[in-house]
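Here is the structure we will look at.
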Amino acid sequence: MSSFRKAALSAALLALAGLIPAQAAEKFPGVGRTATPKEVAAWDIDVRPDFKGLPPGSGTVAKGQDVWETKCASCHGTFGDSNEVFSPLVGGITPDDIKTGRVAKLKDPTAGRTTFMKVATLSTIWDYIHRAMPWTQPKSLSPDEVYSVVAFLLNLNGIVPDNFTLSDKNIAEVQQRMPNRNGMTTKHHLWPGNEFGGTKTPDTHNVACMKDCAPEPKVASFLPDFARNAHGNLAEQNRIIGPVRGEDTTKPAPKSLGEGASATPAVGPAPAQANAGPKAPTELLSKNGCTACHGINNKIVGPAFTDVAKKHAGKVDYLVGKIKSGGSGVWGAVPMPPQTLSDADAKTIAAWLVAGAAK
């Protein structure tokens, strides 16, 4: 290498090093940089039980109902009590629970459980909706929309009146009406420090037993041949979130469930192909979360794709519009939210439906 090139390379490296703060350079020479305060703030969105971290804003029950019906009801039901897709959020609470801060039904082993029966801190509700909902578009709700949705849920549970406005100014007061606010303890030595009434002494003094131990059980399951595809392919019927994946029941069962064999082999997407061109319709269905509510040949929350194909044969433009704008009433009361996929992808799916929704 010529002396000129060496000098030029040295100058470039020195210039690059100048972009890296000294603190980062000391720990990891030549790698990365310290995050800016703005970048840290974008991730620092958690809201603590004392409401530290809560952004300013407000929202009414009425506004919350509007947001709920367009972005939340498809999974949780119009009144938050649906158990069809996710566990119900609303119900099981009495006026006495709000007074005492302890939900009586939690002592009944036969009673169902709803979110507002169990959660002790309103900050948990606000924080989770803000960071994770809607599950197809997490972090898409503005703080005012989150305040509105939380106000609507509080109203459905009888905690606040119809004309209530929830804000960062009064949320601590509403916390004092949470039905299970006294149902959670920090006296378990798992909470770090005494900030929220924790303790330095464990609440249990059990001693680990290291003798006469029972053998570790191995749990496995399988579907017999006559039942494998009785209700359609299970691999196409699981939601796209979470670790659980259904077994591809169009294939024969594994011959053995011994070491190295899996009762429910994971079904994942095919490896990406270079220059594969336009994506297949079924790949678009999975990518955009369509299979969370629709099966190919079976109804889940919404109708089977084959049923849609029969009902709307030849209506490509109509189906594109329904995919993009959502709606309800055609297949039942549960609405389908608007989808954010591109026009081209929507047209690909619509054309596939019109052609018969073949696998």
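Looking at Val207, Val244, can you tell me which residue is among the aliphatic types (A, V, I, L, M), more than 30 Å from Lys324 (Cα to Cα) and either out of contact with any strand residue (DSSP E or B) (no Cβ under 6 Å at 6 or more places or on another chain) or modelled with pLDDT of 60 or more (or both)?
Numbers: Val244 fails: more than 30 Å from Lys324 (Cα to Cα).
Only one candidate qualifies: Val207.
Entry remark, the stretch 28-48: residues being under 21 Å from the mean Cα position of the chain (by Cα) and part of a loop (DSSP other than H, G, I, E, B) number 5 in total.
If we scan the stretch 172-184, do we find a residue that is open to solvent by 20 Å² or more (accessible area, probe 1.4 Å), among the aliphatic types (A, V, I, L, M) and in a helix (DSSP H, G or I)? Before the answer, list the steps.
Restricting attention to the stretch 172-184, the residues satisfying the condition of being open to solvent by 20 Å² or more (accessible area, probe 1.4 Å) are 172-173, 175-177, 181-184.
Those still in the list that are among the aliphatic types (A, V, I, L, M) too: 172, 184.
Now restrict to residues that are in a helix (DSSP H, G or I): 172.
Yes: one or more hits.
For the stretch 126-139, the criterion of being among the polar types (S, T, N, Q), modelled with pLDDT under 95 and in a loop (DSSP other than H, G, I, E, B) is met by at least one residue.
Give me the residue from the stretch 329-343 that is touching a residue at least 40 places away in the same chain (Cβ under 8 Å) and out of contact with any Gly (no Cβ under 8 Å at 6 or more places or on another chain) and, out of that set, least open to solvent (accessible area, probe 1.4 Å).
Initially, the stretch 329-343 is screened for residues touching a residue at least 40 places away in the same chain (Cβ under 8 Å), giving 333-341.
Checking which are out of contact with any Gly (no Cβ under 8 Å at 6 or more places or on another chain) leaves us with 333, 340-341.
Values: Ala333: 90, Thr340: 103, Leu341: 10 Å².
Looking at residues that are touching a residue at least 40 places away in the same chain (Cβ under 8 Å) and out of contact with any Gly (no Cβ under 8 Å at 6 or more places or on another chain), I get Leu341.
Among the criteria (1) more than 27 Å from Pro56 (Cβ to Cβ); (2) among the charged types (D, E, K, R); (3) at pLDDT below 95, the one Asp96 does not fulfil is (3). Listed by first and then second residue, the pairs linking a residue in the stretch 61-83 that is free of Cβ contacts under 8 Å to residues at least 60 places away in the same chain to a residue that is hydroxyl-bearing (Ser, Thr, Tyr) and in a loop (DSSP other than H, G, I, E, B), with Cβ atoms under 7 Å apart and 6 or more places separating them unless they lie on different chains, are His76/Ser82.
The C-beta contact set for the stretch 106-127 (first residue open to solvent by 10 Å² or more (accessible area, probe 1.4 Å), second residue among the acidic types (Asp, Glu), distance under 7 angstrom, 6+ apart or interchain) comprises Asp127/Asp46.
You will find that of Lys107, Lys63, the residue that is among the charged types (D, E, K, R) and modelled with pLDDT under 95 is Lys107 and no other. When Asp168, Asp96, Asp81, Asp144 are screened for being over 17 Å from the mean Cα position of the chain (by Cα), open to solvent by 70 Å² or more (accessible area, probe 1.4 Å) and under 26 Å from Trp43 (Cβ atoms), only Asp144 passes. Residues of the stretch 31-53 that are touching a helix residue (DSSP H, G or I) at 6+ places or on another chain (Cβ under 7 Å) and either open to solvent by 60 Å² or more (accessible area, probe 1.4 Å) or within 25 Å of Ser167 (Cα to Cα) (or both): Arg33, Thr34, Ile45, Asp46, Val47, Arg48, Pro49, Phe51.
Restricting attention to the stretch 49-89, the residues that are assigned to a loop (DSSP other than H, G, I, E, B) and closer than 18 Å to Gln175 by Cβ total 10.
Determine if the stretch 156-178 includes at least one residue that is among the small types (Gly, Ala, Ser) and closer than 22 Å to Ser82 by Cα. Yes, the stretch 156-178 contains at least one residue that is among the small types (Gly, Ala, Ser) and closer than 22 Å to Ser82 by Cα.
The values are calculated or read from the model by the stated rules, or taken from the named source; none is laboratory data. Small disclaimer: the values here were computed from a predicted structure and weren't measured. Backbone-built Cβ (ideal geometry, glycine too); neighbour counts: all protein chains shown. In case anyone asks, the SASA skips ligands and DNA or RNA and just uses the protein heavy atoms, side chains included. Shrake-Rupley method; radii C 1.70, N 1.55, O 1.52, S 1.80 Å.
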